[in-house]
Amino acid sequence: MSAVSIPGDPPGGRRALAVWGTGVSVYFVAVIFRTSLGVAGLDAADRFHVNASALSTFSILQLLVYAGMQIPVGLLVDRLGTKKVLTLGAVLFTAGQLGFAFSPSYGMALASRALLGCGDALTFISVLRLGSRWFPARRGPLVAQFAGLIGMAGNLVSTLVLARLLHGVGWTAAFAGSAAAGAVVLVLVLLFLKDHPEGHEPEPLPHQGAAYVRRQIAASWREPGTRLGLWVHFTTQFPAMVFLLLWGLPFLVEAQGLSRAVAGELLTLVVLSNMVVGLVYGQIVARHHGARLPLALGTVGTTAALWAATLAYPGPHAPMWLLIVLCTVLGACGPASMIGFDFARPANPPERQGTASGITNMGGFIASMTTLFAIGVLLDATGDDWSLAFSAVFVLQALGVSQILRLRKRAQRRERERLVASRVETVHVPA
């Protein structure tokens, strides 16, 4: 099934690219801040004198806030527009990064990460909504993948630049200095961002209070495409997220005996692979919508196979070639998770895009949060048995695949019905 043009589509063009670029720069900085703990996990454990479970709480709390806010954020974007929500997000995640830089205690550091997660939560759904307002619908999959790619570039900055700053100038200077990027993007949003192009203003939504909120959520959830999108996102994203956000560096250093420098190079490989695969997946999905589910399930199966091979390797350490292949495949998880939005987007009308995207985006972060917690608890309970701890990945993958298979036919049938209706409507639109 190929993408089709929709009457009233925004024109795209250079102006759209400039405005969208301003919005996506906020997401870029948010990802730098979100993943900054991934290169500072061991330093954080020493600084705050905490064990594996307490260390995982940093990321779990951050993701708990992020996941819990996705539906409210979707509603806010639908109600207030992109500019106001992104402005608030930039203020909050910058304050959180600054707070983390100067936190003298574990408790204050936790509060700072929660604030950072709150601001981070406001960014991605806003960027998706901005793309749908400024670009034609047929460009949706590619625009979404580009947003994910730029986010991964933020992860690359965190892995390469922030890691060096951390070990060069120290904890406080590295985190406080990085917070300046938040102030920069805040100014850009205030000066240059616009919610929609001229002549494409959305229909005004009357204020309806709690009834409006319930109706938006219920209508989005009733669509099987929204639920399928959530489970695709749930199943595909979390293996790489867990690896990059917290446990990848300790696993490679403590379980695989690598130096921090080599481990950092492997984390960088995950990010670079993500960026390349994102471009490929975006092109494929934009041209062949029927490839969405095979790509998602193929990524899940390949990821599971590589993790099983790595964890079950009979020697004391997995060989470098296997770790390289694992990290390369983990790079496909982020682009595969973006496919979830390509199920939710056509299932919902424009006035519900933010809400539906928020529901979908909860999936991967709930899975990541659960796995981060499970790995930390299992490491403490088993005396750092990394193979057993990382086996939690397979449990969540099995759950997600079962739900994808359950929902796929209903979602595909409903999408075909909408496509037929859209074509009939297009035929009857007067010239």
Expressed in square angstrom to the nearest 10, the accessible area of residue 132 with a 1.4 Å probe stands at 50
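Per 0.36 nm of contour for each residue apart, how much would the distance between residue 222 and residue 183 grow if the chain were fully extended, relative to their Cα-Cα spacing?
10.1 nm
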By how many nm would the segment from residue 276 to residue 215 grow when fully extended, if each residue of separation counts as 0.36 nm and the alpha-carbon distance is taken off? 18.1 nm
Kyte-Doolittle mean at least 1.6 and Cα extent at least 24 Å along the axis: which DSSP H helices of the chain qualify? none
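When the dipole is taken about the Cα centre of the range 178-319, and only Lys, Arg (+1) and Asp, Glu (-1) are charged at their Cβ, what size is it in debye, to the nearest 20?
Using Cβ point charges on Lys, Arg, Asp and Glu, the range 178-319 gives about 340 debye.
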Limiting things to C-alpha atoms, what are the Rg and the maximum Cα-Cα separation (Dmax) for the range 43-170, in angstroms? 16.5, 51
Output the Kirkwood hydrodynamic radius of the range 83-144, Cα pairs only, in Å rounded to one decimal. 12.8
Okay, helix-only estimate at 222 nm for the chain: each DSSP H run of n ≥ 4 adds -39500 (n - 2.57), divide by all residues, round to 500 deg cm²/dmol; what do you get? -25500 deg cm²/dmol
Förster-model FRET efficiency, 60 Å R0, residue 410 and residue 14, C-beta, rounded to 0.05: 0.90
Excluding ligands, DNA and RNA, what is the solvent-accessible area per residue of the chain at a probe of 1.4 Å, expressed in Å²? 39
Quote the FRET efficiency, to the nearest 0.05, computed for residue 419 versus residue 321 with a Förster distance R0 of 45 Å and r equal to the Cβ-Cβ distance. 0.50
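Arrange the residues 373, 93, 146 by how much accessible surface each exposes, largest first, with a 1.4 angstrom probe.
Values: 373 120, 93 0, 146 80 Å².
Result, largest first: 373, 146, 93.
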What per residue convex hull volume, in Å³, comes out for the range 249-342 when only alpha-carbon positions are used? 83
Top to bottom by accessible area (1.4 Å), largest first, where do 247, 321, 231 land? 321, 231, 247
In what sequence, largest accessible area first, do 80, 322 appear using a 1.4 Å probe? 80, 322
To the nearest 0.05, what FRET efficiency results for residue 402 and residue 254 with a Förster distance of 41 Å applied to their C-beta separation? 0.80
Working note, the range 12-96: Cα radius of gyration (Å, one decimal) and Dmax (Å, whole number) are 16.2, 52
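Pairwise over distinct Cα atoms, reciprocal of the mean inverse distance: report the Kirkwood radius of the range 274-431 in Å, one decimal place.
Hydrodynamic radius (Kirkwood, Cα pairs) of the range 274-431 is 18.0 Å.
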For the range 126-257, take the convex hull of the Cα atoms, compute a quarter of its surface area, and give me that in nm², please. 12.5
Checking 240, 309, 90 against a Gaussian network model of the chain (alpha-carbon springs below 10 Å), the top fluctuating residue turns out to be 309
Charge-dipole axis of the chain as Lys and Arg at +1 and Asp and Glu at -1 on Cβ define it, positive-most pick from 353, 68, 373: 353
So, with a 1.4 angstrom probe, what is the percent of accessible area on the chain that is carbon and sulfur? 67
Dipole magnitude (debye, nearest 20) for the range 94-197, charges at Cβ of Lys, Arg, Asp, Glu: 320
What relative contact order, as a whole-number percentage, does the chain give when Cα pairs under 8 Å and 6 or more residues apart are counted? 27
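The values are calculated or read from the model by the stated rules, or taken from the named source; none is laboratory data. Just so you know, these numbers come straight off a predicted model, no measurement behind them. Neighbour counts run over all protein chains shown; Cβ positions are idealised from the backbone, glycine included. Side chains are part of the model used for accessible areas, which takes the heavy atoms of the whole protein and leaves out ligands, DNA and RNA. Shrake-Rupley method; radii C 1.70, N 1.55, O 1.52, S 1.80 Å.
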